[in-house]
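**Student:** Take a look at the following structure, please.
All of the numbers you see were taken from the coordinates with simple rules; none came from a lab. Owing to the predicted nature of the structure, the values given are computational and were not obtained by experimental measurement. Cβ placement follows ideal geometry from the backbone for every residue including glycine, while neighbour counts extend to all protein chains displayed.
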Amino acid sequence: MSPQRLALRTVLLGRPRTVLAVLVIAASLSALDLFAGHIASDRARLEYRAVIGERLGHLAIQRTRGKQNEGAPMFDRDEAARIRQIAEAMPGVALVLPQMSVGGMASTGERSALFRGEGIAADAPAEAPGKLKAGVRNGIAVSVGQARTLGLRNGSNVTLTGAAEDAETRPLSAEVVDIFSTSGLSADARSVLMPFELAQSLLDTQRTERIVVFLTDPAAMEAKRDQLRRALKRGGVAADIRSWQEQSPSFIVEEKTARISFDCVAGMAFAAIAAAIAATISMNALERRREVGTLRALGMRNVSVFLMFAAEALWMAAIGVVVSLVASGLIAWVVNRAALSYSAHHALRPAPMLVELDLNRMTMAVVTAMAVALLAALVPAFKAARGGIAEALT
């Protein structure tokens, strides 16, 4: 009988020790899969928050850093129009919008406060927080915190004064047309949203700071960035193209934290798998000394004994992987069904973030688990293969 078939027979006998090792492997991988799914779900939430909630878009076209030192930190009107034309002509582009950051002082006459605002186009994504009213050129949307500070409500009037270097600023009157919540957004979220032309007027300029691009397929973001970079170069436009990850400082911090957390959980999971495999193979080899000695006396070579115990570890890992995949899928399905049922009965509350399964990380975890199982079995398998026949049969 081949070493592989002997190993499979030993595993299928279902000894308590072997079953326990398989369950440890399955539980460790299932926990790792669900944690990876949590990270993937959290990343999707961060992407939505940055791209839609904070209006960063998937890509942002800005003046190259080197040009900023030459006194032209923004695009002039012709350059902005040419960039929009190039970007809108590309396949896979859903929306191209100009944006302008503006800061300064907001005053109601009784109260004053600093603000960090954003000039946006009227056709911004509908699901983004903060709505401007079409036809109201001086209509602004104010965050709940800013409105509370200034005592504003819908219909209130406020005077805005922009702050810009080397530019003459003048106060402009604005009307509050919407008060939006910034809960769930990062601390970098703007507190005042205004029409793009109003932001230009506050800074006394006709230039455009950046042009934001929304894609139909976010997964193709890097490919689209390369295509857009080449198209702009052919059009004679010198510009940097930044992804939403590069624009969001909070995402960079949270992504780094998530990677460290995943590495720690993965290390503990694989350590548990290695310990379970090593202990099981060692005890099996010790208890089956007579069996191994008999096989050796019947002509089995040392290499075949080694392969038998190594294959036994791989079979345990393979069965544990199958059990973990089934368990992970079942747990994710149950949690998602429960979450959707809860949100359906509480429609006024925010929808919960569903559990996702990261197939890339799951595949890497499976390959790593098989490799860890093989490495953990090497020492006990080698010791079992080196044992003498006479010593094993005594």
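**Student:** Any lysines with Cα under 21 Å of the Lys224 Cα? List them, leaving off those in the same chain fewer than 8 positions away.
**Tutor:** Cross-link targets: Lys233.
**Student:** Tell me which DSSP H helices of the chain clear both cut-offs, 15 Å or more of axial length from alpha-carbon atoms and a mean Kyte-Doolittle hydropathy of at least -1.0.
**Tutor:** On the way: long enough: 16-48 (47 Å, 0.79); 77-88 (16 Å, -1.09); 221-234 (20 Å, -1.66); 249-287 (57 Å, 0.96); 302-345 (65 Å, 1.43); 359-386 (41 Å, 1.33).
In the chain, the long hydrophobic H runs are 16-48, 249-287, 302-345, 359-386.
**Student:** How large is the dipole of the range 141-192 about the Cα centre if only Lys and Arg carry +1 and Asp and Glu carry -1, each at its Cβ, rounded to the nearest 20 debye?
**Tutor:** Magnitude of the dipole: close to 300 debye.
**Student:** Computed on alpha carbon atoms, what radius of gyration and Dmax characterise the range 1-100, expressed in Å?
**Tutor:** Rg and Dmax of the range 1-100, Cα atoms, are 27.9, 81 Å.
**Student:** Report, for the chain, the % of DSSP beta bridges that are antiparallel, rounded to 5.
**Tutor:** Working: 34 of 43 bridges.
Within the chain, antiparallel bridges account for around 80 percent of the total.
**Student:** Please express the Cα-Cα pair-distance distribution P(r) of the range 59-247 as a list of whole percents, one per 10 Å bin, running from 0 to the bin with the greatest distance.
**Tutor:** 9, 35, 34, 19, 4, 0
**Student:** Roughly what percent of Cα-Cα pairs across the chain reach past 38 Å?
**Tutor:** The answer is 45 percent, as a whole percent.
**Student:** Taking GluC sites (Glu not before Pro) as exposed when DSSP calls them loop (any state but H, G, I, E, B) and at most 15 other Cβ atoms lie within 10 Å, what is the longest stretch of the chain free of them, the sites themselves excluded?
**Tutor:** Working: sites that count: Glu70, Glu110, Glu127, Glu165, Glu168.
Between exposed loop sites, the widest span is 169-394.
**Student:** Compute, for the range 59-247, the length of the dipole vector about the Cα centre, with Cβ point charges of +1 (Lys, Arg) and -1 (Asp, Glu) only. Units Debye, rounded to 20. Working shown, then result.
**Tutor:** Numbers: 24 positive and 23 negative charges, 43 e Å.
It works out to roughly 200 debye.
**Student:** In addition: When only Cα pairs under 8 Å and 6 or more residues apart are kept, what is the percent relative contact order across the chain?
**Tutor:** Details: 613 pairs, mean separation 110.0, N = 394.
Relative CO of the chain lands at 28 percent.
**Student:** Helix-derived [θ] at 222 nm for the chain: sum -39500 (n - 2.57) over DSSP H runs of at least 4, divide by residue count, nearest 500?
**Tutor:** Working: 13 runs with 216 residues, N = 394.
Result for the chain: -18500 deg cm²/dmol, rounded to the nearest 500.
**Student:** Sticking with this one: Please name which of Ala124, Pro73, Leu95 has its Cα lying farthest along the dipole of the range 59-247 towards the positive end, using unit charges on Cβ (Lys, Arg +1; Asp, Glu -1) and the Cα centre as origin.
**Tutor:** Final value for the positive-end residue is Leu95.
**Student:** Return the percentage of antiparallel bridges among DSSP beta bridges fully within the range 121-218, rounded to the nearest 5 %. Please list the in-between numbers first.
**Tutor:** On the way: 6 of 11 bridges.
Restricted to the range 121-218, the bridges split so that about 55 percent are antiparallel.
**Student:** Viscosity 1.567 mPa s, temperature 4 °C: Stokes-Einstein D of the range 87-181 from its Kirkwood Cα radius, in µm² per second? Each step should come with its number before you reach the end.
**Tutor:** Values: Rh = 14.6 Å.
Approximately 89 µm²/s, per Stokes-Einstein.
**Student:** Report the charge-dipole magnitude of the chain in Debye, nearest 20, computed about the Cα centre from +1 at each Lys and Arg Cβ and -1 at each Asp and Glu Cβ.
**Tutor:** Working: 44 positive and 36 negative charges, 297 e Å.
So the dipole magnitude of the chain works out to roughly 1420 debye.
**Student:** Using Cβ counts within 10 Å as a stand-in for footprinting exposure, how do Thr363, Thr169, Thr18 rank, fewest first? Mind showing how you got there, number by number?
**Tutor:** Details: Thr363 10, Thr169 17, Thr18 22.
If I rank by nearby Cβ atoms, fewest first, I get Thr363, Thr169, Thr18.
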